[in-house]
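Encoded as C-alpha cells, the structure appears first; notes follow it.
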C-alpha cells in the first residue's frame, strides 16, 4: 500500500475515536465505570456522531462551565426505553439528555423565566432540535415549570462528574487577623492512555514493517498492531501507545515528523 493512501485510509477509519480534549487540574477524573455507566459506554458516548445530517462532537467540561439555550422535556413516550448510557429512562428520575457533555455530568438547570432551578444527571443524548441545549426528564422539567410552558430559556452550570456534586471554591475575605484563604482548584475530567495511529494496512507484512520502524524511533513507547475488520477484510492499524496526555501524543507526532499521525484514545 502506498504511503499517501495509507494515511488517508487511517484518517477516515480513526475518525470515530478522535476526541475533543480539555485541559486538566491537579485532581484527575477519568471516564471509568461509575454507579450508572460502564467504562465502555463512556467511551462510546464520547465519540463523534451524526444525527439528521448534523455532526456532534462530545467534549469534556469543568465544574462551573456554563451554557445557555432552550430546555425541553421528554416523558411517557420514552419511559422504560434505553438511554445512551445503558440505563432505562425513568421519567420520574432527575436526569436529562445533552448532545455533547459526558454521561453522569451533574448539571444545574436554571429556568431564566421563573427563577426555578433543578439539578440533573446527564444519561442520554439529545435533544436534536435546533436551539435546544438540554432535554429534562418529566420530573426535572416539572420542577422548573416546563410541564406548563413546554420549553423555556435556561442556563446550565456544571456541578460535578460521575454523579457527584462539588461545591464551588470560595475565598474568605482578608482581615487584619485572618489572611485570605486561597480557593481550592475544582476537579476537571482528565484523560490518560493516549495513542498515535501511524498507519493502516491491508497486509500484515506492511504493518510489521511500520511497527518495527516506529519502535526503533522511540524505545520508551510500545508500538502495537491492532487488527480490525473493515468491509469483511482484515485491516491492520499500527499504534504507538503509552502517552499520558494529548499534548504528549501531539509532541510525538511533531517531533518525529509522523505525517498523517492521528491522535486516538484506545
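Every residue, every condition in (1) outside the structural domain of residue 147 (by TED's automatic domain parsing); (2) part of a loop (DSSP other than H, G, I, E, B), yes or no:
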site: 33; (1), (2): yes, yes
site: 41; (1), (2): yes, no
site: 69; (1), (2): no, no
site: 73; (1), (2): no, no
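So which residues in the range 45-68 are at pLDDT below 90, within 17 Å of residue 124 (Cα to Cα) and surrounded by 17 or more Cβ atoms within 10 Å (Cβ to Cβ), if there are any at all?
Across the range 45-68, the qualifying residues are 46, 58, 60, 61.
How many residues does the range 119-148 contain that are surrounded by fewer than 16 Cβ atoms within 10 Å (Cβ to Cβ) and in a helix (DSSP H, G or I)?
2
So, in the range 241-255, exactly how many residues are surrounded by 15 or more Cβ atoms within 10 Å (Cβ to Cβ) and either at pLDDT 85 or above or in a loop (DSSP other than H, G, I, E, B) (or both)?
Of the residues in that region, 2 qualify.
With the requirement that a residue be surrounded by fewer than 17 Cβ atoms within 10 Å (Cβ to Cβ) and more than 17 Å from residue 151 (Cα to Cα), what does the range 101-118 give you?
none
Looking only at the range 105-132, which residues are over 17 Å from residue 75 (Cα atoms) and in contact with a strand residue (DSSP E or B) (Cβ under 6 Å, 6 or more places away or on another chain)?
Once the filter is applied, which keeps residues that are over 17 Å from residue 75 (Cα atoms) and in contact with a strand residue (DSSP E or B) (Cβ under 6 Å, 6 or more places away or on another chain), the range 105-132 yields 105, 106, 107, 108, 109, 110, 111, 112, 113, 117, 119, 131.
Okay, residues lined up against (1) without any contact (Cβ under 8 Å) to a residue 60 or more places away in the chain; (2) more than 25 Å from the chain's Cα centre (by Cα):
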{"residue": "63", "(1), (2)": "no, no"}
{"residue": "96", "(1), (2)": "yes, no"}
{"residue": "109", "(1), (2)": "yes, no"}
{"residue": "112", "(1), (2)": "yes, yes"}
{"residue": "118", "(1), (2)": "yes, no"}
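Looking at (1) buried (at least 17 other Cβ atoms within 10 Å of the Cβ); (2) without any contact (Cβ under 8 Å) to a residue 24 or more places away in the chain, can you tell me which one residue 91 breaks?
In the conditions (1) buried (at least 17 other Cβ atoms within 10 Å of the Cβ); (2) without any contact (Cβ under 8 Å) to a residue 24 or more places away in the chain, residue 91 misses (2) alone.
Of all residues in the range 212-240, how many are surrounded by 11 or more Cβ atoms within 10 Å (Cβ to Cβ) and either modelled with pLDDT under 85 or in a strand (DSSP E or B) (or both)?
Counting residues in the range 212-240 that are surrounded by 11 or more Cβ atoms within 10 Å (Cβ to Cβ) and either modelled with pLDDT under 85 or in a strand (DSSP E or B) (or both) gives 18.
The values are calculated or read from the model by the stated rules, or taken from the named source; none is laboratory data. As the structure is a prediction and not an experimental result, all values here were calculated from the model. With ideal geometry, Cβ positions are generated from the backbone for all residues, glycine too; neighbour counts draw on all protein chains shown.
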